[in-house]
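Any read-out appearing in this document is the output of simple, stated calculations on the displayed coordinates, not a laboratory observation. Note that the coordinates shown come from a computational prediction; the quantities given were computed from them, not determined experimentally. Using ideal geometry, Cβ is built from the backbone for each residue, glycine included, and neighbour counts are taken over all protein chains shown.
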Amino acid sequence: MLYRLSSVIVTGTLVLLGSVGGASCVPRARSFIYVVPDGYGPVSQTMARDYESITTGRSTPGRPNSAQIGVDEMLIGTVRTQAADNLVTDSAASATAFACGIKTYNGAIAVDEDGQPVASVLEAAHLSGFKTGLIATSRITHATPACYSAHVLSRDSENEIAAQQIGRTHPFGAYLDLLLGGGRRQFLPRKDGGQRTDDVDLVAWAKERGYGYAADRAAFDEAAAAGAEGRLPLPFLGLFASSHMAYELDRDETREPSLLDMTKAALASLEAASHNRSSSSSSPSQQGYFIMIEASRIDHAGHSNDGPGHIHDILMYNEVMAYLRDYVAAHPDTQLLSAADHECGGLTLPGRWDPRPLAAARRTSEHLVRLLGQYSGGDQRAYFRTALLPQYGLGDASDAAVDGMLETYRRRGATALVVAMGGALSDRAGIRWSTTGHTSVDVNLYGAAAGRDRQARMAALIGGNRDNTELPRYVEAALGVSIANATARLRSAQAGSSWVQRREELAAIKRAANLAAWNHVH
């Protein structure tokens, strides 16, 4: 018999309705891993699976035989994604839902519709003694990681998000044990190449309070090598790019760690730290860790309608999830859930679908358009045709197509050319994108718990079709923490200070956020 998960909350604890009764029916976990493949819809997985099967020679378009990869065997349900004020969510409203358990407006970072802070399950875990971590391939201050670690009225307030994440302006102080991702510019003043207008160097501030720090792959590897079994010294801040980290297709492995590299180091570090905390006892601590891991750039490639960029970041997500599945099997006190915040691109694979043209791309369209913008030679057209388009599988584009793309660049700018290049290659592969924004499509839910019984209980309690607000309630019950209690602490702190923006700005912020969504931004 299956039991339905209800979002009814009593004194901050999840109530599970059904004959098993009570939150105790949720399998308890010492540690919890939540993974967000941003902008990843059901068709995204199909596209990556077919691409992997055909480009590795296991099948052909005429004799297809696509086999399961990565996450496929972990599918337990689907998730509804609407925001409080829009059928189509942005990443901020959705992340607030699956981090904090509430519906809110597009653009909101862990605040309710009235602009009041609501704690995340990560913050609740911290208050209960768990270690905490965030990983993203976007700026670490971008919407998804921000909703676990900061509270602002607008997702665009990334400088303030950084200050809260590192503990300078958060009521809980420096409570995050591990942050890995991009977004260095939000932590540095302008004089040091950053975008902070308050002249505060948050990296220096963090170092003064004991944080280890890495700005590139070499420093990351050095820090991991100095610890046993690849462990980073906690607390630790890794900011590997000024803005977003590179797409997997563009990534220079000598400069940036991969999502899998960061995941392995983070889990080793958090697991060891949570055990070392109880080294005086013969038994391990009941509090392990909570970590959110985001495969951020799947979404960005969807906005760009960039098939190769989308696929290669999805394949990395699958690789990470396969690693985590094995990790959970080896650590039966750990559970894993994964769901996207929304689909991006309105992706379909109609009758002419053939992934082989995508294999010719060696770089993303965004990377190549950036190189075009940096070109200072005398023949832009020749450079574009002979040096750049071949790297995207469009070296044989017609003169008319080349001229059309360059005219798009001149008239509408770099972003429009990125989308135009993506569209040209997608057309060759038979891919159809219906938008450069998000859609309201339900997204897949994946889960793993060690042992047949625990896996079955997870699937029964949180599987099926769920609202995204239900997901953190399962995590909350599994860890035995209280989002309500953490929220009360946040609001108590707010009463004595102005650490959340003035709510008089709220109406204008909501209008701007939905306008951005309609214009396919975020």
At 25 °C and 0.890 mPa s, the Stokes-Einstein diffusion coefficient in µm²/s for segment 356-429, with hydrodynamic radius from the Kirkwood sum on alpha carbon pairs, is 203
Size descriptor, Kirkwood hydrodynamic radius, that averages inverse alpha-carbon separations across segment 103-213, Å:
14.1
From Cα pairs below 8 angstrom and at least 6 apart in sequence, can you work out the relative contact order of segment 356-429, rounded to a whole percent?
44
The ratio Rg/Rh over the Cα atoms of the chain, Rh being the Kirkwood inverse mean 1/r radius, stands at 0.96
Show me, for segment 110-117, the HN-Hα J-couplings you get by feeding each phi into the Karplus relation (A = 6.51, B = -1.76, C = 1.60, θ = phi - 60°), rounded to Hz, glycine and proline as x.
6, 10, 7, 5, 9, x, 8, x
With a ≥ b ≥ c from the Cα gyration tensor eigenvalues, square-rooted, and the rule rounded for a/c under 1.5, otherwise prolate when a/b > b/c and oblate otherwise, segment 109-151 is oblate
Whole-Hz couplings from phi, Karplus 6.51/-1.76/1.60, listed for segment 506-514; x for Gly and Pro:
5, 4, 5, 5, 4, 4, 5, 5, 6
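Can you give the FRET efficiency for LEU127 and ASP198, using 1/(1 + (r/R0)^6), R0 = 25 Å, r = Cβ-Cβ distance, to the nearest 0.05?
0.35
Which longest run of the chain has no exposed loop site in it, a site being trypsin sites (Lys or Arg not before Pro) in a DSSP loop with at most 16 other beta carbons within 10 Å, and the site itself not part of the run? Could you put the intermediate results ahead of the total?
On the way: sites that count: ARG4, ARG28, ARG58, ARG168, ARG209, ARG255, ARG277, ARG352, ARG362, ARG502.
Here the longest run is 363-501.
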Residue-by-residue Karplus 3J(HN,Hα) for segment 456-472, coefficients 6.51, -1.76, 1.60, Hz, glycine and proline x:
5, 5, 4, 4, 5, 8, 10, x, x, 9, 10, 7, 5, 5, 6, 5, x
Between GLU229 and GLU407, how many nm apart are label points set 7 Å from Cα along the C-beta direction?
6.2
Relative contact order for the chain using alpha-carbon pairs under 8 Å, separation at least 6, rounded to a whole percent?
27
In nanometres, the difference between 0.36 nm per residue of separation and the alpha-carbon distance of SER242 and ARG209 is 9.7 nm
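What number, rounded to the nearest 500 deg cm²/dmol, is the helix-based mean residue ellipticity at 222 nm of the chain, given -39500 (n - 2.57) per DSSP H run of at least four residues and division by all its residues?
Helices in the chain give a 222 nm mean residue ellipticity of -12000 deg cm²/dmol.
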Scan around THR78 for amide H atoms under 5 Å from its own, H built in the peptide plane at 1.01 Å from N, and keep only partners 5 or more places away or cross-chain.
LEU445, GLY464, ASN465, ARG466
Full extension between THR415 and TRP353 adds, at 0.36 nm per residue less the Cα distance, a length in nm of 19.8 nm
Hey, which aspartates and glutamates would be in cross-link range of LYS191, C-alpha to C-alpha under 17 Å, not counting anything within fewer than 8 residues on its own chain?
ASP199, ASP201
